[in-house]
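The values are calculated or read from the model by the stated rules, or taken from the named source; none is laboratory data. Because the structure is predicted, anything quoted here is derived from the model rather than measured. Cβ: placed from backbone, ideal geometry, glycine included. Neighbour counts: every protein chain shown. To get the accessible areas, we keep the full protein, side chains included, count just its heavy atoms, and leave off ligands, DNA and RNA. Shrake-Rupley method; radii C 1.70, N 1.55, O 1.52, S 1.80 Å.
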Amino acid sequence: MKTEILRPTSTEHFARAAALIRDGQLVAFPTETVYGLGANGLDAAACARIYEAKGRPSDNPLILHIADLSMLHEAAEDVPPAAAHLLTAFAPGPITVIVPKAAHIPPLVTGGLATVGVRCPAHDVARRLIRAAGMPIAAPSANISGRPSPTTAAMTAADMMGRIPLILDGGSCSWGVESTIVDCTEEGCITILRPGAVTPEMISAELPHLTVRMDAALVSADTAPRAPGMKYTHYAPRVPLTVFAGAGTDVVRALRIEIERRMAAGERPALIASNDTIMALSGLLPAAYTYNCGARGNQSTLAACLYDALRHFDDTDVTSLLAEGAGSVGLGIAIMNRLRKASGGNIIYV
Ligand code: TXA
Ligand code: MG
């Protein structure tokens with residue numbers, strides 16, 4: 001299949017993309033978090049194509065994207081007041097609420113669950129596509145299952161070329177990590193199933209009378225996650241990754257020792273780190289073996305380039321990756337969650 005990459009500028013472009021969606025085809029599109037791989041969310045055969053294109057296990061449910069809160073009833077029913085409150089507060093934006101599914105949503109979309117994830121993305125291209133299609137669009141991240149999510153049209157093309165007819169190019173995603181997923185189906189309690197740009201503090205501030213907690217699986221390795229997709233290996237680069245987390249000077253010291261050890265053993269390690277750390281280690285590695293994530297402590301910059309960094313050394317002779325971690329508050333929770341998965345839990349706290 002030939003894949004077209006289109007920067008949509010006209011109503012006609014959106015009409016063309018929407019016609020593909022209505023015809024049961026797949027269209028990749030940008031959101032403010034990551035690129036999504038979209039299909040008609042009411043059409044089981046179309047959604048089956050998503051699983052096929054991604055190589056995704058069929059028990060891993062898709063989330064439904066709506067253009068406006070007025071479309072909520074097309075995806076969900078008996079929406080709990082807490083979910084409605086969070087959508088009013090944060091949508092359009094990087095939040096997905098888990099709520100009871102509408103009866104007409106095919107079981108294939110929800111992996112057989114009685115609940116559905118609903119999200120209203122804050123990206124003009126995404127919202128215009130959904131409006132033009134006229135139904136909720138089911139869309140997981142547009143990567144091959146297990147790979148880092150794409151945050152540009154080029155990264156989407158790297159995984160989806162030849163598998164889908166159309167990629168809408170909307171530039172780089174502003175957040176760079178997937179939406180915060182919150183389970184709102186339990187009375188009196190909000191559970192965060194996947195951390196993202198909407199932080200636990202932000203949710204608590206909106207719903208001070210409710211308990212806001214992290215899914216047990218995010219805290220302990222012994223518990224099965226409630227978001228089926230969180231149990232799979234994810235975001236993994238092609239070579240092994242080790243993450244170093246802690247205070248800046250300690251991380252620099254530990255990285256220096258580890259890089260020297262690996263180079264002495266004949267390995268070719270690459271470093272993903274803040275500008276501060278790369279400067280402190282200058283001369284140790286060739287520049288081509290470093291990826292600069294901006295000023296240390298700037299979590300937005302780090303999140304925005306994280307998946308690009310994890311894919312950056314794919315087609316090189318690098319044999320392993322070392323990365324500097326983030327802090328463990330705010331957006332840092334989401335960044336560390338993705339780094340934990342990308343490294344298979346290989347995080348060294350120094
Ligand atoms: O930012 C995002 O959320 C991006 C963009 C494209 O919107 N989408 C995304 O979708 O990250 P995906 O499929 O890669 O991740 C959705 C996650 C999966 O881990 C899935 O298991 C979980 O949401 N999920 C979906 N429906 C669920 C449900 N009913 N109950 C629990 N978890 C659910
Ligand atoms: Mg994904």
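A few comments on the model shown:
- Whole-number accessible area per residue in Å² for the chain, which is evaluated in the context of all protein chains at 1.4 Å: 39 Å²
- When peptides 245-257, 174-186 are sorted by average Cβ neighbour count within 10 Å, with the highest value leading, the order is 174-186, 245-257.
- Under 5 Å from the amide H of H123 lie the amide H atoms of E32, each residue being 5 or more positions distant or on a separate chain, with H modelled from the backbone and absent for Pro and chain starts.
- The mean sequence distance of close C-alpha pairs (under 8 Å, at least 6 residues apart), as a share of the length of region 185-254, puts its relative contact order at 25 percent.
- Given in Å, the Rg to one decimal and the Dmax to the nearest whole number for the Cα atoms of the chain are 20.2, 62.
- The residues packed around M155, meaning those with a beta-carbon under 9 Å from its beta-carbon, carry a net charge of -1 if Lys and Arg are +1 and Asp and Glu are -1.
- Length-normalised contact order for region 241-349 - Cα pairs under 8 Å, 6+ apart - percent: 41 percent
- Cα centroid separation - region 1-73 against region 111-171, whole Å: 5 Å
- In order through region 289-296: 3J(HN,Hα) via Karplus (6.51 cos²θ - 1.76 cosθ + 1.60), integer Hz, x for Gly, Pro: 9, 10, 10, 8, 9, x, 4, 4
- Within the shell of other residues whose beta carbon sits under 13 angstrom from the beta carbon of T88, the net charge comes to -2, with Lys and Arg scored +1 and Asp and Glu -1.
- About its Cα centre, the dipole of the chain is roughly 580 debye, where the only charges are +1 on Lys and Arg Cβ and -1 on Asp and Glu Cβ.
- Region 4-214: relative contact order as a whole-number percent, Cα under 8 Å and 6+ apart: 29 percent
- Each residue, D23 and A247, gets one label point 7 Å from its Cα in the Cβ direction; the gap between the two is 6.1 nm.
- Partners of K231 within straight-line reach, counting aspartates and glutamates whose Cα lies under 13 Å from its Cα and excluding those fewer than 8 residues away in the same chain: D59, D215, D222.
- Among the protein heavy atoms of the chain, carbon and sulfur supply 55% of the accessible surface, probe 1.4 Å, non-protein parts ignored.
- P(r) weight above 18 Å for region 241-349, C-alpha pairs, percent: 42 percent
- Restricting attention to region 4-214, close to 50% of DSSP beta bridges with both partner residues there are antiparallel.
- Global geometry of region 143-261, whether rounded, prolate or oblate, following the gyration tensor of its Cα atoms and the 1.5 cut on a/c: oblate
- From its DSSP helices (H runs of at least four residues, each -39,500 (n - 2.57)), the chain gives a residue-normalised ellipticity at 222 nm of -9500 deg cm²/dmol.
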